[in-house]
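Taking it in order: structure first as structure tokens, then the write-up.
The values are calculated or read from the model by the stated rules, or taken from the named source; none is laboratory data. All figures in this text were calculated on a predicted structure; none of them were measured in a lab. Cβ: placed from backbone, ideal geometry, glycine included. Neighbour counts: every protein chain shown.
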Amino acid sequence: MGKKKQPTSSSKSKQPAACILTDLLYLGPVSATSNTAFLERQAITHILSIGKSPASRVEGITYQRLSLTDEEDSPIAGIVEKACDIIDAAEAAKGRVLIHCSAAISRSPTIVTGYLMKRRGTTLRESLTILVNARAVASPNPGFLRQLSEMEKELFQGESSFDPSRVTSNTRLSAYLAH
């Protein structure tokens, strides 16, 4: 896989999308897909849409879409695995990926969190901290958090580093992680 990309913190930036891993992974809303200046400046080569929202098309960018509804019982494991493969392929080609859903609050942040755990070996709590440091409004729905917690238990064969039962749909993830 090569040199490990470093997480970044860009929550105070006015960028259309947040950088999660330098020179590899960006997270933003669907509106970021039509910001050609941003896409060119960050040298985005791949756009991965999570859900129904189609991305605006820009010549020279590879597009892929994975269907996921923002419902607590929507299964995420298969989507996370497919997304990991897509990101791995982009990284192998020295590409950069913008992953998005409608608002980059629940679905695409969930997939980014799963990627960080599966491919970068970070715990769920570490992954969520990276996520909210980059994009403060990110907050996977409670059902997705439960599934991510189960994924972490399987990956690391132990307890989860994060208690999803303490987060409700009215709780901001960033507020919970601050404690």
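Points to keep in mind about this one:
- Residues satisfying the stated conditions in region 95-118, i.e. of a type in the set (Lys, Arg) and in contact (Cβ under 8 Å) with a residue 40 or more places away in the chain: 96, 107
- Near pairs, Cβ below 6 angstrom, 6+ apart or cross-chain, from region 18-39 (farther than 12 Å from residue 104 by Cα) to any residue that is outside any loop (DSSP other than H, G, I, E, B) and hydroxyl-bearing (Ser, Thr, Tyr): 19/26
- Counted residues, region 73-91 - those being among the aliphatic types (A, V, I, L, M) and in contact (Cβ under 8 Å) with a residue 40 or more places away in the chain: 6
- Taken over region 65-80, the residue count meeting the criterion of being over 14 Å from the mean Cα position of the chain (by Cα) and among the β-branched types (Val, Ile, Thr) is 1.
- Scanning region 15-28 for residues that are under 26 Å from residue 70 (Cα atoms) and either part of a loop (DSSP other than H, G, I, E, B) or modelled with pLDDT under 95 (or both) yields 15, 16, 17, 24.
- Subset tally (residues that are outside any loop (DSSP other than H, G, I, E, B) and either surrounded by fewer than 21 Cβ atoms within 10 Å (Cβ to Cβ) or of a type in the set (Lys, Arg) (or both)) for region 31-40: 6
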